[in-house]
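Undergrad: If you scroll down you'll find the structure; I have some questions about it.
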Amino acid sequence: MKWKYSFIVLLSALIACNNNTESKDNKEVNETLETIFNRKSVRKYTERPVEKEKLETLVRAGMAAPSSRDRRPWEFIIVTDRDILDTMGDGLPLARMLKETKQAIIVCGDTAKSNNAWQLDCSAAAQNVLLAAESLGLGAVWTAAYPYPERTKVVREALHLPEHIVPLTVIPVGYPTGIEKPKDKFNKKQMRYNGW
(Lines give C-alpha, C1' and ligand atoms only; values in the text may rest on other atoms or scores of the structure.)
Protein backbone atom coordinates (compact mmCIF):
# COMPACT_ATOMS: atom_id res chain seq x y z
CA MET A 1 0.00 0.00 0.00
CA LYS A 2 2.89 2.32 0.89
CA TRP A 3 4.51 1.90 -2.54
CA LYS A 4 1.20 2.72 -4.30
CA TYR A 5 0.95 5.96 -2.35
CA SER A 6 4.61 6.82 -3.15
CA PHE A 7 4.01 6.03 -6.83
CA ILE A 8 0.96 8.33 -6.95
CA VAL A 9 2.87 11.17 -5.25
CA LEU A 10 5.81 10.73 -7.65
CA LEU A 11 3.52 10.59 -10.69
CA SER A 12 1.69 13.74 -9.54
CA ALA A 13 5.00 15.56 -9.08
CA LEU A 14 6.19 14.54 -12.56
CA ILE A 15 2.94 15.71 -14.15
CA ALA A 16 3.14 19.03 -12.28
CA CYS A 17 6.76 19.55 -13.38
CA ASN A 18 5.85 18.70 -16.96
CA ASN A 19 2.96 21.18 -16.92
CA ASN A 20 5.23 23.90 -15.52
CA THR A 21 7.86 23.20 -18.18
CA GLU A 22 5.26 23.32 -20.93
CA SER A 23 3.81 26.61 -19.71
CA LYS A 24 7.32 28.12 -19.46
CA ASP A 25 8.23 26.86 -22.92
CA ASN A 26 5.01 28.23 -24.39
CA LYS A 27 5.45 31.57 -22.65
CA GLU A 28 8.17 33.63 -24.26
CA VAL A 29 10.29 35.54 -21.74
CA ASN A 30 10.77 39.23 -22.44
CA GLU A 31 13.69 40.29 -20.25
CA THR A 32 13.09 43.99 -20.87
CA LEU A 33 9.50 43.81 -19.68
CA GLU A 34 10.49 41.64 -16.72
CA THR A 35 13.02 44.30 -15.67
CA ILE A 36 10.42 47.06 -16.03
CA PHE A 37 7.77 45.15 -14.05
CA ASN A 38 10.27 44.10 -11.35
CA ARG A 39 11.74 47.57 -10.80
CA LYS A 40 11.12 48.81 -7.28
CA SER A 41 12.27 51.58 -4.99
CA VAL A 42 15.05 50.08 -2.88
CA ARG A 43 16.01 51.96 0.28
CA LYS A 44 17.94 49.29 2.21
CA TYR A 45 21.31 48.01 1.07
CA THR A 46 23.93 45.52 2.16
CA GLU A 47 27.46 46.61 3.13
CA ARG A 48 28.85 45.42 -0.22
CA PRO A 49 30.03 48.33 -2.40
CA VAL A 50 28.94 48.47 -6.03
CA GLU A 51 31.79 47.85 -8.43
CA LYS A 52 33.10 50.82 -10.45
CA GLU A 53 32.30 49.01 -13.71
CA LYS A 54 28.65 48.61 -12.70
CA LEU A 55 28.36 52.26 -11.68
CA GLU A 56 29.74 53.26 -15.07
CA THR A 57 27.30 50.86 -16.77
CA LEU A 58 24.44 52.64 -14.97
CA VAL A 59 25.65 55.98 -16.28
CA ARG A 60 26.07 54.52 -19.77
CA ALA A 61 22.44 53.36 -19.59
CA GLY A 62 21.41 56.85 -18.51
CA MET A 63 23.16 58.36 -21.49
CA ALA A 64 21.28 56.00 -23.82
CA ALA A 65 18.02 57.83 -23.03
CA PRO A 66 16.11 59.82 -25.63
CA SER A 67 16.78 63.54 -25.70
CA SER A 68 14.85 66.48 -27.15
CA ARG A 69 16.64 67.64 -30.31
CA ASP A 70 19.48 65.29 -29.26
CA ARG A 71 20.91 67.93 -26.95
CA ARG A 72 21.76 65.42 -24.19
CA PRO A 73 21.76 68.05 -21.43
CA TRP A 74 22.56 65.55 -18.71
CA GLU A 75 25.52 65.35 -16.38
CA PHE A 76 26.04 62.40 -14.03
CA ILE A 77 27.97 62.58 -10.79
CA ILE A 78 28.93 59.30 -9.12
CA VAL A 79 29.43 59.89 -5.41
CA THR A 80 31.40 57.40 -3.32
CA ASP A 81 32.83 59.86 -0.78
CA ARG A 82 31.42 59.08 2.69
CA ASP A 83 31.40 62.73 3.83
CA ILE A 84 29.47 63.90 0.77
CA LEU A 85 26.95 61.07 1.07
CA ASP A 86 26.44 61.88 4.77
CA THR A 87 26.09 65.61 4.10
CA MET A 88 23.41 65.03 1.49
CA GLY A 89 21.74 62.38 3.67
CA ASP A 90 21.51 64.91 6.52
CA GLY A 91 20.16 67.67 4.27
CA LEU A 92 17.71 65.76 2.08
CA PRO A 93 14.64 64.65 4.07
CA LEU A 94 13.67 61.82 1.71
CA ALA A 95 17.20 60.60 1.04
CA ARG A 96 18.32 59.55 4.51
CA MET A 97 19.41 56.19 3.05
CA LEU A 98 22.43 58.01 1.60
CA LYS A 99 23.94 57.63 5.06
CA GLU A 100 23.71 53.85 4.72
CA THR A 101 24.79 53.29 1.13
CA LYS A 102 28.30 53.51 -0.23
CA GLN A 103 27.41 55.20 -3.51
CA ALA A 104 24.87 57.33 -5.32
CA ILE A 105 24.37 58.75 -8.78
CA ILE A 106 23.18 62.32 -9.14
CA VAL A 107 21.50 63.17 -12.44
CA CYS A 108 21.88 66.85 -13.26
CA GLY A 109 20.65 69.04 -16.09
CA ASP A 110 22.79 71.49 -18.02
CA THR A 111 20.55 74.53 -18.57
CA ALA A 112 23.09 75.99 -21.01
CA LYS A 113 22.43 73.07 -23.37
CA SER A 114 18.66 73.03 -22.86
CA ASN A 115 16.72 75.58 -20.87
CA ASN A 116 13.27 74.19 -21.67
CA ALA A 117 13.54 70.38 -21.86
CA TRP A 118 16.41 69.36 -19.58
CA GLN A 119 13.96 68.13 -16.93
CA LEU A 120 12.33 65.76 -19.42
CA ASP A 121 15.59 64.49 -20.88
CA CYS A 122 17.18 63.96 -17.48
CA SER A 123 14.05 62.21 -16.18
CA ALA A 124 14.32 59.73 -19.05
CA ALA A 125 18.02 59.27 -18.26
CA ALA A 126 17.28 58.72 -14.56
CA GLN A 127 14.64 56.11 -15.40
CA ASN A 128 17.22 54.28 -17.51
CA VAL A 129 19.59 54.28 -14.52
CA LEU A 130 16.87 52.79 -12.31
CA LEU A 131 16.01 50.09 -14.85
CA ALA A 132 19.66 49.26 -15.44
CA ALA A 133 20.16 48.91 -11.69
CA GLU A 134 17.29 46.42 -11.52
CA SER A 135 18.72 44.45 -14.45
CA LEU A 136 22.14 44.22 -12.74
CA GLY A 137 20.71 42.94 -9.46
CA LEU A 138 21.20 46.30 -7.77
CA GLY A 139 18.73 48.39 -5.84
CA ALA A 140 18.11 52.08 -6.39
CA VAL A 141 15.55 54.75 -5.59
CA TRP A 142 14.62 58.11 -7.11
CA THR A 143 14.87 60.93 -4.58
CA ALA A 144 13.95 64.36 -5.91
CA ALA A 145 16.22 67.37 -5.63
CA TYR A 146 14.51 69.48 -8.30
CA PRO A 147 12.12 71.40 -8.18
CA TYR A 148 12.65 72.01 -4.45
CA PRO A 149 15.01 74.99 -3.91
CA GLU A 150 16.07 73.84 -0.43
CA ARG A 151 16.97 70.38 -1.76
CA THR A 152 18.78 71.57 -4.86
CA LYS A 153 20.77 73.91 -2.60
CA VAL A 154 21.93 70.97 -0.45
CA VAL A 155 23.12 69.01 -3.50
CA ARG A 156 24.57 72.06 -5.23
CA GLU A 157 26.66 72.96 -2.19
CA ALA A 158 27.77 69.39 -1.44
CA LEU A 159 28.95 68.86 -5.02
CA HIS A 160 30.13 72.44 -5.81
CA LEU A 161 27.91 72.62 -8.89
CA PRO A 162 28.21 75.56 -11.27
CA GLU A 163 25.12 77.76 -11.62
CA HIS A 164 24.00 76.29 -14.98
CA ILE A 165 24.00 72.71 -13.63
CA VAL A 166 20.81 71.79 -11.74
CA PRO A 167 20.49 68.53 -9.77
CA LEU A 168 17.30 66.74 -10.78
CA THR A 169 17.52 63.56 -8.72
CA VAL A 170 19.80 61.85 -6.27
CA ILE A 171 19.76 58.08 -6.80
CA PRO A 172 21.16 56.01 -3.93
CA VAL A 173 22.43 52.69 -5.30
CA GLY A 174 23.50 49.47 -3.65
CA TYR A 175 23.05 45.75 -3.34
CA PRO A 176 19.52 45.30 -1.97
CA THR A 177 18.76 43.49 1.25
CA GLY A 178 15.72 41.99 -0.48
CA ILE A 179 13.13 43.71 1.71
CA GLU A 180 11.39 45.72 -1.02
CA LYS A 181 9.12 44.00 -3.53
CA PRO A 182 7.76 45.31 -6.85
CA LYS A 183 4.24 46.73 -6.93
CA ASP A 184 1.70 46.02 -9.65
CA LYS A 185 0.75 49.59 -10.53
CA PHE A 186 -1.40 48.81 -13.57
CA ASN A 187 -4.81 50.44 -13.31
CA LYS A 188 -7.14 49.86 -16.25
CA LYS A 189 -9.21 52.90 -15.23
CA GLN A 190 -6.24 55.10 -16.15
CA MET A 191 -6.08 53.75 -19.71
CA ARG A 192 -8.22 54.95 -22.62
CA TYR A 193 -8.34 54.45 -26.36
CA ASN A 194 -8.72 57.25 -28.92
CA GLY A 195 -9.55 60.06 -26.49
CA TRP A 196 -10.90 60.79 -23.05
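Undergrad: Quick one: is residue 196 open to solvent by less than 40 Å² (accessible area, probe 1.4 Å), more than 12 Å from the chain's Cα centre (by Cα) and free of Cβ contacts under 8 Å to residues at least 60 places away in the same chain? Before the answer, list the steps.
TA: Details: open to solvent by less than 40 Å² (accessible area, probe 1.4 Å): no; more than 12 Å from the chain's Cα centre (by Cα): yes; free of Cβ contacts under 8 Å to residues at least 60 places away in the same chain: yes.
No, not satisfied.
Undergrad: Filter the stretch 124-150 down to the residues that are of a type in the set (A, V, I, L, M) and either in a helix (DSSP H, G or I) or open to solvent by 20 Å² or more (accessible area, probe 1.4 Å) (or both) and list them by number.
TA: Across the stretch 124-150, the qualifying residues are 124, 125, 126, 129, 130, 131, 132, 133, 136, 144.
Undergrad: Let me ask you something else. Contact list please: Cβ distance under 8 Å, first residue in the stretch 123-141 and charged (D, E, K, R), second residue part of a helix (DSSP H, G or I), pairs at least six apart or on different chains.
TA: 134/35; 134/38
Undergrad: Could you go through the stretch 151-158 and let me know if any residue there is out of contact with any helix residue (DSSP H, G or I) (no Cβ under 6 Å at 6 or more places or on another chain) and outside any helix (DSSP H, G or I).
TA: no
Undergrad: Report whether or not residue 176 is of a type outside the set (Gly, Ala, Ser) and either in contact with a strand residue (DSSP E or B) (Cβ under 6 Å, 6 or more places away or on another chain) or under 17 Å from residue 39 (Cβ atoms) (or both).
TA: Yes.
Undergrad: Suppose we keep only residues that are small (Gly, Ala, Ser) and under 14 Å from residue 169 (Cα atoms) within the stretch 102-123. Which one would you say is surrounded by the fewest Cβ atoms within 10 Å (Cβ to Cβ)?
TA: 123
Every residue, every condition in (1) charged (D, E, K, R); (2) at pLDDT below 95; (3) touching a Pro at 6+ places or on another chain (Cβ under 6 Å); (4) within 26 Å of residue 59 (Cβ to Cβ), yes or no:
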{"position": "146", "(1), (2), (3), (4)": "no, no, no, yes"}
{"position": "153", "(1), (2), (3), (4)": "yes, no, no, yes"}
{"position": "156", "(1), (2), (3), (4)": "yes, no, no, yes"}
{"position": "175", "(1), (2), (3), (4)": "no, no, no, yes"}
{"position": "185", "(1), (2), (3), (4)": "yes, no, no, no"}
{"position": "189", "(1), (2), (3), (4)": "yes, no, no, no"}
{"position": "192", "(1), (2), (3), (4)": "yes, no, no, no"}
{"position": "195", "(1), (2), (3), (4)": "no, no, no, no"}
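Undergrad: Also, quick follow-up: Within the stretch 179-193, can you find the residues that are in a loop (DSSP other than H, G, I, E, B), among the charged types (D, E, K, R) and surrounded by fewer than 10 Cβ atoms within 10 Å (Cβ to Cβ)?
TA: Passing the criteria: 181, 184, 185, 192.
Undergrad: Turning to a different aspect of this structure: Could you please give the count of residues in the stretch 162-178 that are surrounded by 18 or more Cβ atoms within 10 Å (Cβ to Cβ) and part of a loop (DSSP other than H, G, I, E, B)?
TA: Within the stretch 162-178, residues that are surrounded by 18 or more Cβ atoms within 10 Å (Cβ to Cβ) and part of a loop (DSSP other than H, G, I, E, B) number 1.
The values are calculated or read from the model by the stated rules, or taken from the named source; none is laboratory data. None of the values given here were measured: they were computed from a predicted structure. Don't worry about glycine lacking a Cβ; one is built from the backbone with ideal geometry, like all the others, and counts go over all protein chains shown. All accessible areas refer to the heavy atoms of the entire protein, side chains included, with ligands and DNA or RNA removed. Shrake-Rupley method; radii C 1.70, N 1.55, O 1.52, S 1.80 Å.
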